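Q: Next up is a structure, given as structure tokens.
The values are calculated or read from the model by the stated rules, or taken from the named source; none is laboratory data. Remember, it's a predicted structure, so these values are computed and weren't measured experimentally. All Cβ positions, glycine included, derive from the backbone under ideal geometry; neighbour counts span all protein chains shown. For accessibility, only protein heavy atoms count, side chains too; no ligands or nucleic acids. Shrake-Rupley method; radii C 1.70, N 1.55, O 1.52, S 1.80 Å.
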Amino acid sequence: MTSEKKSALVTGGTRGIGLAAALALLGRGYRVFAAYSSDESSAKAAREQGIETVRADVSDEEAVRALFARTGPTEVVVNNAGISLFKQIQDTSAEEWDRIFAVNVRGAFLCAREAAKGMISEKRGLIVNISSVWGEVGGSCESAYSAAKAALLGFTKALSKELGWSGIRVNSVSPGVIDTRMNSRFSSSEREALLEEIPLGRFGTGEDVARAVLFLLDNEYVTGADIPVNGGFSVV
Ligand code: NAD
């Protein structure tokens, strides 16, 4: 009976990296919920694969409360919902900066806060924040995005120290260049140039990132860690 299964939530779990993580958790027997912002055709496809979808903007406090009212207590939360911005700083508006932080950072905070309430009473749980290689090393013309992803790394470490005492582990995964819709803006020559910077000679897949999430699920002695999944793009 599905109602007896442990639940997992993947924000942005209807496509790309999030979908791969959601399917991996489904494969581990979880009842999996995916929050998404607007792409209905991806949500439909995710539902057809057994994922329960909830349209909710993770930056909206009330929407996140309603999301967790729908999921009930979750054992695993993957804060994957994210948006990027490729602009030079002089062209970046304050509104754009705030939106990048609202989705990538505030969204992770709101979901972690709601999840922690149930996890603390269970004395068990796993939160995985999807950061980025740019959060680790910074990306030119992506200062807002890089700063937001770096904030997630700090948030992860702090929360792992706070929640470890309650049996909750908090980790991050930092993907490099993953072949998803987020990178569809690259021209073929830009893709070629990027490939030349990746020692393993290919872009990553959502499944590559999902395997890191499963590692964090399986290894119950890892918390406060960041796992780079970048093909050697940036070894730090
Ligand atoms: P994607 O654009 O394919 O998917 C993003 C998902 O997030 C979608 O399901 C979308 O509905 C959801 N989303 C966006 N804004 C939302 C909001 N406000 N509320 C709820 N859901 C929202 O992107 P992706 O490439 O799969 O990226 C997933 C995560 O991985 C992001 O956090 C991204 O920053 C990070 N990341 C991606 C790459 C890459 O190369 N693709 C590299 C490093 C990090």
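Q: Is at least one residue of the range 75-95 open to solvent by 70 Å² or more (accessible area, probe 1.4 Å) and near the ligand (Cβ under 8 Å from one of its atoms)?
A: no
Q: Restricting the search to the range 114-141, which residues are closer than 16 Å to Asn80 by Cβ and in contact (Cβ under 8 Å) with a residue 40 or more places away in the chain? Steps first, answer last, please.
A: So in the range 114-141, the residues closer than 16 Å to Asn80 by Cβ come out as 114-115, 126-135.
Scanning the range 114-141 gives Glu114, Ala115, Leu126, Ile127, Val128, Asn129, Ile130, Ser131, Ser132, Val133.
Q: Kindly provide the set of residues from the range 154-192 that are in contact (Cβ under 8 Å) with a residue 60 or more places away in the chain and either closer than 22 Å to Leu19 by Cα or open to solvent by 30 Å² or more (accessible area, probe 1.4 Å) (or both), ordered by number. Break it down stepwise before answering.
A: So in the range 154-192, the residues in contact (Cβ under 8 Å) with a residue 60 or more places away in the chain come out as 156-157, 160-161, 164, 175, 178, 180-182, 185.
Residues satisfying the conditions are Thr156, Lys157, Lys161, Gly164, Pro175, Ile178, Thr180, Arg181, Met182, Arg185.
Q: Return the residue satisfying two criteria in turn: it lies in the range 21-51 and is among the charged types (D, E, K, R) and over 12 Å from Leu214 (Cα atoms), and of such residues it is most open to solvent (accessible area, probe 1.4 Å). Before the answer, list the steps.
A: Filtering the range 21-51 for residues among the charged types (D, E, K, R) gives 28, 31, 39-40, 44, 47-48.
Next cut, over 12 Å from Leu214 (Cα atoms) only: 31, 39-40, 44, 47-48.
Values: Arg31: 64, Asp39: 29, Glu40: 77, Lys44: 113, Arg47: 110, Glu48: 131 Å².
Among those residues, the one meeting the criterion is Glu48.
Q: Please tell me if Val58 is within 13 Å of the ligand (Cβ to nearest atom) and open to solvent by less than 20 Å² (accessible area, probe 1.4 Å). Spell out how you get there, then give the answer.
A: Working: within 13 Å of the ligand (Cβ to nearest atom): yes; open to solvent by less than 20 Å² (accessible area, probe 1.4 Å): yes.
Spelling it out, Val58 is indeed within 13 Å of the ligand (Cβ to nearest atom) and open to solvent by less than 20 Å² (accessible area, probe 1.4 Å).
Q: Of the residues Ala147, Ala115, which single one is within 19 Å of Asp57 (Cβ to Cβ), of a type outside the set (Val, Ile, Thr) and not in a loop (DSSP other than H, G, I, E, B)? Quick ask: steps written out before the conclusion?
A: Working: Ala147 fails: within 19 Å of Asp57 (Cβ to Cβ).
The unique qualifying residue is Ala115.
Q: Leu163 passes all but one of (1) away from the ligand (no atom under 15 Å from the Cβ); (2) in a loop (DSSP other than H, G, I, E, B); (3) of a type outside the set (Ser, Thr, Tyr); which number fails?
A: Unmet condition: (2).
Q: Suppose the filter is aliphatic (A, V, I, L, M) and touching a helix residue (DSSP H, G or I) at 6+ places or on another chain (Cβ under 6 Å); does Ala112 pass it? Quick ask: steps written out before the conclusion?
A: On the way: aliphatic (A, V, I, L, M): yes; touching a helix residue (DSSP H, G or I) at 6+ places or on another chain (Cβ under 6 Å): no.
So Ala112 fails the test.
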